[in-house]
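Worksheet: the structure to be examined is printed underneath.
The values are calculated or read from the model by the stated rules, or taken from the named source; none is laboratory data. All figures in this text were calculated on a predicted structure; none of them were measured in a lab. Cβ sites come from the backbone with ideal geometry, for glycine too, and all protein chains shown count toward neighbours. Side chains included, ligands, DNA and RNA excluded: accessible areas come from the protein's heavy atoms. Shrake-Rupley method; radii C 1.70, N 1.55, O 1.52, S 1.80 Å.
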Amino acid sequence: MEPKWLQERREKASKVEAGLPIPTQEEYWRKTNFSRIPFAKFTSVPATENGAASGSASVFLPLKLLLAGEILYGEQTSPVTLDAQVQKQGVILAPLSQAIQQHENLVSKYLGRGFKGRNEKFIAQNEAGWQTGVFCYIPKNTHVELPLLLTQHFSGDDRSLFPRILVVLEEGAKATLLH
């Protein structure tokens, strides 16, 4: 069950999204022909937990990498792999739905903060309907030397998946994310 603050945000975003037209002239969308996208035919894809094996994010890469951690998210979510030393530094890498439960104060503080003041249909749509995603938190002055890998898994026609990635780097923190 989602916390009340998140339910309220989703409801508000849903109302905002319903009242906004499909973009026509904004810079972000000026070369996209929306008339060819069958929005009404899409159905949401529920994310499933434990649908993939640990370490499965990197199997999609054509080469082997040394990583500090990895996660597969989307229709299937793998267990997170995170180096023990990185964990000791306070780094968090988790499915967003899990992070809301385990790190609610951090997630509620930062979720959507980068979109404040942007009253756009697709941002509101994502805010209202995201089902899957990743939370990555790097504490103040923490340097994660090896990259963190985030891999999205999605398949299927006429379905929609609204992922949300929340990355928080505190002051002086450094990390490389591969998505």
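Distance between the pseudo-spin-label points of Gln89 and Glu8 (7 Å out from Cα toward the beta carbon): 3.6 nm.
For region 111-179, the carbon plus sulfur part of the accessible surface works out to 48%, probe radius 1.4 Å. Taking packing as the residue-averaged number of other Cβ atoms within 10 angstrom, the listed peptides 97-109, 11-23 run from highest to lowest as 97-109, 11-23. Across the cross-link table entries Lys4/Lys116; Lys31/Lys121; Lys121/Lys174; Lys31/Lys64, which are compared at the Cα atoms, the separations over 28 Å belong to Lys121/Lys174; Lys31/Lys64. For Glu145, the shell of other residues with beta-carbons less than 13 Å away shows a net charge of 0, using +1 for Lys and Arg and -1 for Asp and Glu. Within the shell of other residues whose beta carbon sits under 12 angstrom from the beta carbon of Glu11, the net charge comes to +1, with Lys and Arg scored +1 and Asp and Glu -1.
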